[in-house]
Structure formats: structure tokens, C-alpha cells
1. Determine which member of the set L143, L111, L147, L77 is at pLDDT 95 or above, closer than 23 Å to D209 by Cβ and part of a helix (DSSP H, G or I).
2. Would you confirm whether or not the range 153-164 contains a residue that is more than 13 Å from the chain's Cα centre (by Cα) and not in a loop (DSSP other than H, G, I, E, B)?
3. Here's a check for you: in the range 190-221, which residue that is in contact (Cβ under 8 Å) with a residue 40 or more places away in the chain and over 26 Å from A178 (Cβ atoms) is surrounded by the most Cβ atoms within 10 Å (Cβ to Cβ)?
4. Go through the range 198-218 and report how many residues are farther than 20 Å from P75 by Cβ and of a type in the set (G, A, S).
5. List the pairs whose first member sits in the range 77-89 and is within 18 Å of A63 (Cα to Cα), whose second member is in a helix (DSSP H, G or I) and at pLDDT 95 or above, and whose Cβ atoms are under 8 Å apart, counting only residues at least 6 apart or on separate chains?
6. Looking at (1) within 17 Å of the chain's Cα centre (by Cα); (2) modelled with pLDDT of 50 or more; (3) under 23 Å from L107 (Cβ atoms), which one does Q66 not meet, given that it meets all the others?
Amino acid sequence: MKTAGWRSALIYGCAIALCQPLAACGSADAPVPSTKDTADTKTAAAIPADAPLIIAFGDSLYAGYQLGPKEGLAPQLQAALVKDGIVARVQNAGVSGDTTAAGRQRLTYVLDLAKAKPSLVVLGLGGNDMLRGIDAGQTRANLDAMLAELKKREIPVLLTGMVAAPNLGADYARKFNAIYPELAAKYDASLYPFILDNVVGKPDLMLGDHIHPNAKGVKIVVDGLAPLVEDALPDAQ
């Protein structure tokens, strides 16, 4: 991660340290429809049924917490890909409040029910583990198991990272923050080191909780992710 990325990570870590009483990313709140749905409806139209499938598998940062139906990560990513000439369907498999343990339990279910074998899985979990102070070894083991399952199925992965809040201590941060780059290297997965890079610390890009991005913030996330998705997608059109 570049210096700017580490700066963003530190800002986010401080923000979530202040908000840790929330216990999890949106676990108790249902998404609230937005009145500012600005996504391009034409972009979302006419995706062929046999287009490559991308599954966005994560927590509330993926689920579109308190955003409109076209404002979350999956619809904005799909629109960005189509704009770049990549025809692909992005499935929202984000669940607010999910820990890595919960994600591990539901991954095979999501994959087995998919209408087609995914061409790519974008995987982003661990933030709720950190908010709850779950042992970093458990987080690593759960992510490792998910990556192993995806490798067994020969599904490419783009892993999005998270950072530990500073109040959890240097030892926890050292163990937690190393999970993502080390597992990406182990499984030859693409890596976006910090999911909210260039978004945190900017009030106009965040919801009032200072943890989740608003629609404009998600666009910044997608701007960073889309080129990596395009590179990782083996059958991009």
C-alpha cells in the first residue's frame, strides 16, 4: 500500500475505534432506501444471461448499507465495467454484520446456488471480526478456508483488505493487518489492500457513522477496484 493508503487506513482505524460500541458493520439495521439514486439505469440494462458472473462476497461494505438499489458496490461495479466495455454481471452477496466465520459458513451455499460458475469472486470480510476483537488467528483461518474453497473450484479471487483499529493494540494490528497480503500471496489472489482507501476521512464520501461510504464514496471504491477486477477477470468481453 502506498503512503497515502496507509494514511487512509490510519484515519479509518481511528474512526472505527471511536465507533466500536456499534459492535458490527450495520448488523442491526436494515438498508434504508436512498432518495438520491443517481446510477445510470441504461448501464444496468441488457446484460446477457450468459455474461461472466462476478460475485461480490462480503459484509455491509459490500451489501450497500443504507444505500439505494443502484448505489452499492455491486451495481456500481457492474456499471463501471460496462462503461469500460466489459460485459459482466455482478451479484451482490454482501451481508451486513457478517464475520469471517459467518462468511465461511455461507460461501459454499452461495457458490452452489449461483446460476453459473463465477468467473471471479471479490472477497471482503474481516471488518466485523476486528470490531468485535475476534482473535486474528481465527480471522486468518476463516479467510484461508474460503480462499482454499475458491481455489479448489478454480475460481479467481480479488481480495479486499481491512485494517485494525489502533486501540486494539500493536500486537493485534500486526497480526490482523498481515492477513490480507499474506493470504493473497499464498493463493495468488489479486489484492486491493484497503477497501476504503481515498474515502475515509472525507465527510462528503461517508455516511454519518464515519464507517460506511455513501454512494459517492462507493464510486471512489469502485474506481479503485474496477481495473483490478478487469485484470483478474479471465473471460472479460
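1. Values: L143 fails: closer than 23 Å to D209 by Cβ; L111 fails: closer than 23 Å to D209 by Cβ; L147 fails: closer than 23 Å to D209 by Cβ.
Every option except L77 fails the conditions.
2. No, that holds for no residue.
3. Our first condition is that a residue be in contact (Cβ under 8 Å) with a residue 40 or more places away in the chain; within the range 190-221, this holds for 190, 193-201, 207, 209-215, 218-219, 221.
Subset that is over 26 Å from A178 (Cβ atoms): 207, 209, 214-215, 218-219.
Details: L207: 17, D209: 15, N214: 20, A215: 21, V218: 27, K219: 20.
Looking at the filtered set, the residue picked out is V218.
4. 2
5. L77/V222; L77/L225; L77/A226; L77/V229; A80/V222; A80/D223; A80/A226; R89/Q78
6. Condition (3) is where Q66 drops out.
Table: residues versus (1) modelled with pLDDT of 95 or more; (2) surrounded by fewer than 19 Cβ atoms within 10 Å (Cβ to Cβ); (3) assigned to a strand (DSSP E or B).
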position	(1), (2), (3)
V90	yes, no, yes
P118	yes, no, no
V122	yes, no, yes
Q138	yes, yes, no
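The values are calculated or read from the model by the stated rules, or taken from the named source; none is laboratory data. Note that this is a predicted model, so its numbers are computed, not measured. Virtual Cβ from ideal backbone geometry, glycine too; neighbours counted across all protein chains shown.
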